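Here the structure is laid out as structure tokens; the discussion comes afterwards.
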Amino acid sequence: MREYLLTLCITAAVTYLLTGPVRKFAIVAGAMPEIRARDVHREPTPRLGGIAMFFGLCAGLLVADHLTNLSEVFEKSNEPRALLSGAALIWLIGVLDDKFEIDALIKLGGQMIAAGVMVMQGLTILWLPIPSVGSVALTQWQGTLLTVALVVITINAVNFVDGLDGLAAGMVCIAAAAFFLYAYRIWYSYGIEAAAPATLFSAILMGMCLGFLPHNMHPARIFMGDSGSMLIGLVLAAGAISITGQIDPDALKLFAGSEKAAVHQTVPVYIPLLLPLSIIAVPAADLISAIVRRTWRGQSPFAADRGHLHHRLLEIGHSHSRAVWIMYFWSALIAFGSLAYSVNSASMWIVLGVVFLSAIGLVLLLLPRFTPRVPMWAQAVVPPRYRRRRPVVAESMESLEVEQRTPVAVGVAGVNGATALRAHAPAPERRKAETSR
């Protein structure tokens, strides 16, 4: 566990430290597209955050390769190298898209090629545990098609949900945390070494997301772009493929009887991970609804719109931050609820707990404009949105309106946190602006 935590911390540190320089590079390179009609942010924000996340992935794999216990993963399995190859390809495609806006079909083809590269190096589904049947061995073509489909679906599900500051990174981090606990339990409790690569992938994925989140929370100073969203989607899919399609359910030895009985007992364990759609159920639901909605209107499934789940939360009155936290809540409820059910499917308390938390989530959805106010003595320890508002002087409001009417230019003052290349105002003007705020 110490080595996994060390790998996670190194990945997070490298990602965090590189995101700042990558942001400056994105501004210089002009990777700051104009605001589109479907965008939520109001100011041009640099992309290419996936560059820092990719180097964080490389750092995590490099550190793990030199640790005493985790180095055995690289000696006994080719899956880490397969992941790095597929991640490098999908990352390169994402970088080109962040800069030049390549066609959606080209991106889809690149996703399939990246999945094929991983399959060629051994990261593929070999069999599936089917209830009341047992382990069904797949042919080479069946395993390849299922693996490619799983990778493409997961990548696009994560890409579709990347619409609010910190949303995709936070939701994937929650899914990776649940995935890590499950994989570590299989590897440590049952002594199945085949689960070690998936455990390593999950730890690195958590580090990538945690290192990027401080720069991406609202108001975001940088976006991960397709180079980041497709990358973390591929890593999440790789972990699911590794642990679901290559571990023999009978190796868990839950029963001394037949293989069918063993598989039937492990259904609560394997069904939530057979497809990562249950771990990322919210992005998957968003993906399916978007495809149905756009196809019904006669549009391309890849046509952009403002009908995603996070857009609807904003439309019914939720603030940006609250919409993100609601999505976090539902992702955590589904991911960790599935994890708890896989550990003890016979416990009624788990089901009752999930139902109770679901009711709380529905209440949060139905009260979009409810803002609790705290007593005066607690004003200093709560976020500003919960504090009582003070009356604003008319002069300050007038100066604020003048400031808001000032046009924002790319790469200068006004860009989200763009202090690296901004034109500094003279000292008197700067003090006047600070006074007006």
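The values are calculated or read from the model by the stated rules, or taken from the named source; none is laboratory data. This one's a predicted model, so the numbers in the text were calculated from it and none came from an experiment. FYI the Cβ positions are ideal-geometry reconstructions off the backbone, even for glycines, and counts take in every protein chain you see. Keep in mind that these areas ignore ligands, DNA and RNA; they rest on the heavy atoms of the full protein, side chains included. Shrake-Rupley method; radii C 1.70, N 1.55, O 1.52, S 1.80 Å.
General observations
- Only a single item in (1) over 22 Å from Ala335 (Cβ atoms); (2) in contact (Cβ under 8 Å) with a residue 12 or more places away in the chain; (3) open to solvent by 10 Å² or more (accessible area, probe 1.4 Å); (4) not in a helix (DSSP H, G or I) is not met by Leu128, and it is number (1).
- Residue count for region 163-195, restricted to those that are out of contact with any Cys (no Cβ under 8 Å at 6 or more places or on another chain) and within 30 Å of Gly225 (Cβ to Cβ): 16
- Region 78-98: number of residues that are out of contact with any Ser or Thr (no Cβ under 6 Å at 6 or more places or on another chain) and closer than 15 Å to Phe54 by Cβ: 13
- Qualifying residue in region 132-142 (condition: surrounded by 16 or more Cβ atoms within 10 Å (Cβ to Cβ) and modelled with pLDDT of 90 or more): no
- Within region 165-272, helices (runs of 4 or more DSSP H) holding 1 or more residues that are of a type in the set (S, T, N, Q) and either modelled with pLDDT of 85 or more or under 26 Å from Gln121 (Cα atoms) (or both): 196-216, 225-244
- Region 324-350, subset modelled with pLDDT under 80 and more than 24 Å from Ala240 (Cα to Cα), residue surrounded by the most Cβ atoms within 10 Å (Cβ to Cβ): Ser347
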